[in-house]
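The next block holds one structure in the form of structure tokens; read it before the comments.
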Amino acid sequence: MELVYARKDIDEAAGAFWDQLPANRSVLAFHGEMGVGKTTFIQALCRLLGVSAQVSSPTFSIINEYDAPDGLIYHIDLYRCRDEQEAIRAGVEECLYSGEICLVEWPSKAAGIFPEDALHIHMEEIEDGMRRISVETGPEGGAKQG
């Protein structure tokens, strides 16, 4: 799947993205450079999924948990994790295998703990501030960054 959108259309893009996801995918790993809009896109997804709380980056807490009408949503940011062991000690692995929706930024910091069926979302900024999202499956999703 590939999706191109303007930042002003992020809510519509989040809806189109969600509608195209394969069924029963709960772990979404977001890859991309700093500032590409991973957190902003995750905020749009949370709005779409009915989260009424303010969604913010869990950079320092590592895991934020939100209530949604269909269950919990975990927003995980591994940017500050040094390795997989630190992520495990923080409870990330428990979230990834909980069956709840997990939206993870910087998954490459703990790539070995992700389920094999995780979806890897690669985000990049293209011309005129547009964003491109492409989705891959499998271990690490072919990711080399973020």
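The values are calculated or read from the model by the stated rules, or taken from the named source; none is laboratory data. Everything numeric here is computed off the predicted structure, so don't read it as measured data. All Cβ positions, even for glycine, are placed from backbone atoms using ideal geometry, and neighbour counts span all protein chains on display.
Residues of the range 23-48 that are within 19 Å of Leu72 (Cα to Cα), outside any strand (DSSP E or B) and not β-branched (Val, Ile, Thr): Ala23, Asn24, Arg25, Ser26, Phe41, Gln43, Ala44, Leu45, Cys46, Arg47, Leu48. Ala53 - would you say it is exposed (fewer than 14 other Cβ atoms within 10 Å of the Cβ) and among the aliphatic types (A, V, I, L, M)? Spelling it out, Ala53 is indeed exposed (fewer than 14 other Cβ atoms within 10 Å of the Cβ) and among the aliphatic types (A, V, I, L, M). Residues of the range 36-79 that are more than 14 Å from the chain's Cα centre (by Cα) and of a type in the set (Gly, Ala, Ser): Gly50, Ser52, Ala53, Ser61, Ala68, Gly71.
Here Thr59 meets the list (1) assigned to a helix (DSSP H, G or I); (2) among the polar types (S, T, N, Q); (3) at pLDDT below 95 almost entirely, failing just condition (1). Residues in the range 68-116 that are outside any helix (DSSP H, G or I), in contact with a strand residue (DSSP E or B) (Cβ under 7 Å, 6 or more places away or on another chain) and touching a residue at least 40 places away in the same chain (Cβ under 8 Å): Glu100, Ile101, Cys102, Leu103, Val104, Glu105, Trp106, Phe114, Pro115.
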